[in-house]
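A.B. asks: My questions all concern the structure below.
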Amino acid sequence: MQKTLLVLLFSLGVLHHSHGQVGCENIGFELGTTSGWTLTYGTVTDANQKTVYSAEQSGSNDHYITNLTDGNDPKIPSIPMVAPGSTHSIRIGNITEGGHYSRLKTNFTVTADNTLLQYKFAVVLQNSGANGNGNAGHEPYQKPGFNIVIYNSQGQELACSNYDVQLQGNDTVDGFMASGDIQYRNWTYGAIDLRNYIGEQITMEVTAHGCTRQRHFGYAYFDAECLKSEIKQASLCPDEAGNVTLVAPAGFAKYTWSNGSTAQTSSVKASAGDLYSVKLLPLGSLNESCEFQLDYTIAYKKAESTLLKTICDGEEVTVGDTVYRTSGTFVRNVLKSSICDSTVTLVLTVNPVPKYTQHIAICEGDTLWVGDSTYYQTGTFINTIPRPNRCDSLVTTHLTVLKLDLTWTPRLSITQGDSTQIEILADPPNDNYLYRWNESMSLSCWDCDRPWAKPMMSEVFSVIVSDPEEVCARTAKITLTVIPCGVSIPDAFSPNNDQLNDVFYVLAGDCIKKITHLTIYNRWGQVIFYNHSFAPSDPNQGWTGLYDGLMSPPGIYTYKVEAEMKNGAILYYKGGLQLIR
């Protein structure tokens, strides 16, 4: 075969025994081993302007089975270390220096089912000279190279089976790319038609070598597959336009279909008895005589298939234009035309979906979680809960959001010896609310809504109010101040609107008729609050801390109080008052 590249001659005199491939089982190294292959290696030199392979010996040296976890080539990251579509390939050749060659060899018997040998390779060769350009004292026959040859049991090379490449001077090899001083070719498909060799034993030999001067490396990745030389129909039946797609074997440099298509596939009008052909030119071949032809006749096909499906209640399976939702066995003629008749038997199992209904009440402001959903309003909600490897559960939630608000007077006062009724108003009204008061002996009851209180001294009462199911609960606290008979004046207050001690006012018992004067002074003796002639024990008559509409600063203030008793006597009080913020 004539090529622009230097064609390497293989030495067939040294043949090492190998069991070979029984039926191409491991021709692509899918077992993760080199089973069925013979591995050899040796020294590469040159003599008489030819590359010479010498000292060939059996063994694994610079032979490495690659797998998907190896990633990409460390020198050329764009090259995966495993061929596309494979799980294992092999790398041969020294990756650091020249002077070596590595070789693979296998043989197999051609049958009607493996008449197409398809191989894949990627090559990495280091060129001599600065940046890979120039000879640097190296002739072409001294540079790294890679070759594939296939021959019969008599050692005769099969026509159109050879692929040889060797670096040439300054130029980048056809089909290769350059990266610094490296020339490389990414994964490439090749194939050879073996239909004329059925029953014969075929040998395939793959060699990668570095330069003969021991400096520049050369290595390659390789994979292979045995197929049948045939055109396949991509689908059993034609598409809606009446076309079918014919698929030729991959891995060829040129495709020429009888209908003019030049791709690996060709779309043709489906008509029984029509004959189509494709001419294939192997990769790397520059000789049109290496082209061979495959024929295909469109024939009527009848296909029967069984589809086993398991679904969950509520799901469906579509076969053709029919939808199935119940368990059973169904026979459906999916597509019928002049070239095909496809019948599908569907065996359908419909599993029940677990369904659960719950009635839940929550309190306003609370949140209910169902699966990964949250709810806080009254309503009915349906959730699908995933169950691994089983039908999902269906949960229906009827949610009621309860409202409960309380109204009460937080501070009350009585004169020592008196009693008062404490009232808690619940909204919305409900006679069935539960009341739980703190167990004070000063209360008339611990489970009613309006207890009477008669403490001998000031006391804080607390109550918890809830609905009958105790979903919602609210708490209230009431401070009941017991005022002795006389005048009681606090010494501090905190006007911060927390409803606790917000007002400075005068407390008195029934013996006091009225407060005739209440005067408050700042630290400079200035009157900042004054009130007169008002009933005692009334917060509305006290000082809120304001002066001229502004809140007074924290500090010590002075007060004077004048009170008139019911018997007409006048009482005078003065003292210090602390305003706390």
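The values are calculated or read from the model by the stated rules, or taken from the named source; none is laboratory data. Because the structure is a prediction, the values reported are computed rather than measured. In this analysis, Cβ positions are derived from the backbone assuming ideal geometry, glycine residues included, and neighbour counts consider all displayed protein chains. Side chains included, ligands, DNA and RNA excluded: accessible areas come from the protein's heavy atoms. Shrake-Rupley method; radii C 1.70, N 1.55, O 1.52, S 1.80 Å.
A.B. asks: If contacts are Cα pairs under 8 angstrom and at least 6 residues apart, what is the relative contact order of region 354-461 in percent?
C.D. replies: So the answer I get is 21 percent.
A.B. asks: How much length, in nm to one decimal, is gained on full extension between E288 and D113, taken as 0.36 nm per residue of separation minus their Cα-Cα distance?
C.D. replies: Numbers: separation 175, 0.36 × 175 = 63.00 nm, distance 2.60 nm.
Length gained, E288 through D113: 60.4 nm.
A.B. asks: Return a whole-number percent for the relative contact order of the chain, with Cα pairs under 8 Å and 6 or more residues apart as the contact set.
C.D. replies: It comes to 8 percent, rounded to a whole number.
A.B. asks: May I ask for the net charge around Q126, where only other residues with Cβ less than 10 Å from the Cβ of Q126 are counted and Lys, Arg are +1 while Asp, Glu are -1?
C.D. replies: Local charge sum for Q126: +1.
A.B. asks: Cα gyration tensor of region 466-528, axes a ≥ b ≥ c as square roots of the eigenvalues: rounded (a/c below 1.5), prolate (a/b > b/c) or oblate?
C.D. replies: The shape class here is oblate.
A.B. asks: Quick one: if the Förster radius is 25 Å, what FRET efficiency do A178 and N72 give, using the C-beta to C-beta distance and rounding to 0.05?
C.D. replies: 0.90
A.B. asks: I would also like to ask the following. If the only charges are +1 at each Lys and Arg Cβ and -1 at each Asp and Glu Cβ, what is the size of the charge dipole of the chain around the Cα centre, to the nearest 20 debye?
C.D. replies: The calculation lands at about 620 debye.
A.B. asks: Using the Cα centre of region 37-227 as origin and beta-carbon charges of +1 (Lys, Arg) and -1 (Asp, Glu), tell me which of Q156, G218, V206 is placed farthest towards the positive end of the dipole.
C.D. replies: G218
A.B. asks: Compute, for C448, the solvent-accessible surface of its heavy atoms (probe 1.4 Å) with the complete set of protein chains present, and express it in square angstrom to the nearest 10.
C.D. replies: The value for C448 is about 30 Å².
A.B. asks: Rounded to the nearest 0.05, what FRET efficiency do T558 and I464 give with R0 = 51 Å and r taken as the Cβ-Cβ distance? Could you check?
C.D. replies: Taking R0 as 51 Å, the efficiency between T558 and I464 is 0.70.
A.B. asks: Charges only on Cβ, +1 for Lys and Arg, -1 for Asp and Glu: so what's the dipole of region 450-529 about the Cα centre, in debye to the nearest 20?
C.D. replies: The dipole magnitude comes to about 440 debye.
A.B. asks: For the chain, what percent of Cα pairs sit more than 40 Å apart?
C.D. replies: 62 percent
A.B. asks: Need the list of lysines near K477 for cross-linking: C-alpha distance under 24 angstrom, and skip anything on the same chain fewer than eight residues off.
C.D. replies: K403, K454
A.B. asks: Mind checking the log10 I(q)/I(0) for region 421-571 at q = 0.09, 0.14 Å⁻¹? Debye, one equal scatterer per Cα, no solvent, two decimals.
C.D. replies: These q points yield log10 I(q)/I(0) values of -0.43, -0.83.
A.B. asks: Next question, about the same structure. For region 405-483, what is one quarter of the convex hull surface built on the Cα atoms, given in nm²? Present the calculation step by step, with values, prior to reporting the outcome.
C.D. replies: Values: hull surface 18.5 nm².
Averaging across all directions leaves 4.6 nm² for the Cα convex hull.
A.B. asks: Looking only at chymotrypsin sites (Phe, Trp or Tyr not before Pro) in DSSP loops with at most 14 other Cβ atoms within 10 Å, what is the longest site-free stretch of the chain?
C.D. replies: 1-299
A.B. asks: Please list E315, E56 in order of solvent-accessible area, largest first, computed with a 1.4 Å probe with all protein chains present.
C.D. replies: E315, E56
A.B. asks: Work out, step by step, the length gained on full extension between T326 and L500: first 0.36 nm times the residue separation, then minus their alpha carbon distance; give nm to one decimal.
C.D. replies: 55.6 nm
A.B. asks: Among L125, L518, Q578, whose Cα lies farthest out toward the positive end of the dipole of the chain, if unit charges sit on the beta carbon of Lys, Arg (+1) and Asp, Glu (-1)?
C.D. replies: Value computed over the given set: L125.
A.B. asks: Still on this model: Within region 426-465, what residues put their amide N at less than 14 Å from the label point 7 Å along the Cα-to-Cβ vector of K403?
C.D. replies: Residues 426-430 qualify, since their backbone N sits under 14 Å from the label point.
A.B. asks: Among all the lysines, which ones have a C-alpha under 23 Å from K574's C-alpha, if same-chain residues fewer than 8 places away are not counted?
C.D. replies: Straight-line reach from K574, under 23 Å: K513, K514, K560, K566.
A.B. asks: Now a separate question. Run the Debye formula on the Cα coordinates of region 232-298, all scatterers equal and no solvent, and tell me log10 I(q)/I(0) at q = 0.21 1/Å.
C.D. replies: The Debye formula, applied to the Cα set alone, gives -0.82.
A.B. asks: Exceeding 20 Å between C-alpha atoms, which entries from my cross-link table qualify? They are K309/K355; K228/K269; K269/K336; K232/K254; K302/K336; K120/K228.
C.D. replies: K309/K355; K228/K269
A.B. asks: Could I ask something else about it? Can you list the trypsin sites (Lys or Arg not before Pro) in region 361-438 that are in a DSSP coil and have 13 or fewer other beta carbons within 10 angstrom?
C.D. replies: Answer by residue number: R390, K403.
A.B. asks: Starting from the Cα coordinates of region 309-450, work out the convex hull volume and express it per residue in Å³. Please list the in-between numbers first.
C.D. replies: Working: hull volume 24.1 nm³, N = 142.
Dividing the Cα hull volume of region 309-450 by its residues yields 170 Å³.
A.B. asks: So, one more: Just to verify a number: what accessible area does M565 come out at with the full protein assembly present, 1.4 Å probe, Å² rounded to tens?
C.D. replies: Answer for M565: close to 40 Å² accessible.
A.B. asks: Determine, from the Cβ-Cβ distance of A473 and M565 and an R0 of 30 Å, the FRET efficiency 1/(1 + (r/R0)^6), rounded to the nearest 0.05.
C.D. replies: Plugging the Cβ-Cβ distance into 1/(1 + (r/R0)^6) gives 0.05.
A.B. asks: For L275 and L425, calculate 0.36 nm times their separation in residues minus their Cα-Cα distance, and state this gained length in nm to one decimal.
C.D. replies: Gain on stretching L275 to L425: 44.4 nm.
A.B. asks: Checking the a/c ratio against 1.5 first, then a/b against b/c, what shape does the Cα gyration tensor give for region 173-252? Display every interim value, and only then the final one.
C.D. replies: Working: a/c = 4.74, a/b = 1.83, b/c = 2.60.
In terms of gyration-tensor shape, oblate.
A.B. asks: Now, a different point. In whole Hz, what ³J(HN,Hα) sequence does region 498-509 give by Karplus (6.51, -1.76, 1.60; θ = phi - 60°), x for Gly and Pro?
C.D. replies: Result, rounded to whole Hz: 9, 6, 10, 6, 7, 10, 8, 9, 9, 9, 7, x.
A.B. asks: Extent of region 487-579 along each principal axis, from alpha carbon coordinates, in Å, largest to smallest?
C.D. replies: Between the extreme Cα coordinates on each principal axis of region 487-579 lie 39, 29, 20 Å.
A.B. asks: Which residue, S413, Y433, I478, has the largest displacement toward the positive end of the dipole of region 405-483 when charges sit on each Cβ (Lys, Arg +1; Asp, Glu -1)?
C.D. replies: S413
A.B. asks: Taking a probe of 1.4 Å, how large is the accessible area per residue of the chain, in Å²? Spell out each step's value before the answer.
C.D. replies: Values: 29610 Å² over 581 residues.
On a per-residue basis, the chain sits at 51 Å².
A.B. asks: In addition: Of all the accessible heavy-atom surface of region 355-402, with the other protein chains kept in place and a 1.4 Å probe, what percent is carbon and sulfur? Working shown, then result.
C.D. replies: Values: 1610 of 3240 Å².
The computed percentage sits at 50.
A.B. asks: Could you give me the percent of Cα pairs per 5 Å distance bin for region 355-402, shortest bin first, beginning at zero and ending with the bin that holds the maximum distance?
C.D. replies: So the P(r) values, bin by bin, are 5, 22, 30, 21, 11, 7, 3, 1.
A.B. asks: I've got another one for you. For a quick check: with amide H placed at 1.01 Å from N, whose amide H comes under 5 Å from T415's, ignoring anything fewer than 5 positions away on the same chain?
C.D. replies: Residues meeting the criterion, in which the H sits 1.01 Å from N, are I483.
A.B. asks: Oh, and also: Please state the shape class of region 68-117: rounded when a/c is under 1.5, otherwise prolate if a/b exceeds b/c and oblate if not, all from the C-alpha gyration tensor.
C.D. replies: It comes out oblate by the Cα gyration axes.
A.B. asks: Kirkwood Rh over Cα pairs of region 42-128 into Stokes-Einstein at 10 °C, 1.306 mPa s: D in µm²/s?
C.D. replies: Numbers: Rh = 15.5 Å.
Stokes-Einstein gives a translational diffusion coefficient of 102 µm²/s.
A.B. asks: Hey, another quick one. Let me cross-check I65: its accessible surface, 1.4 Å probe, with only protein heavy atoms counted, in Å² to the nearest 10?
C.D. replies: So the heavy atoms of I65 present about 40 Å² to solvent.
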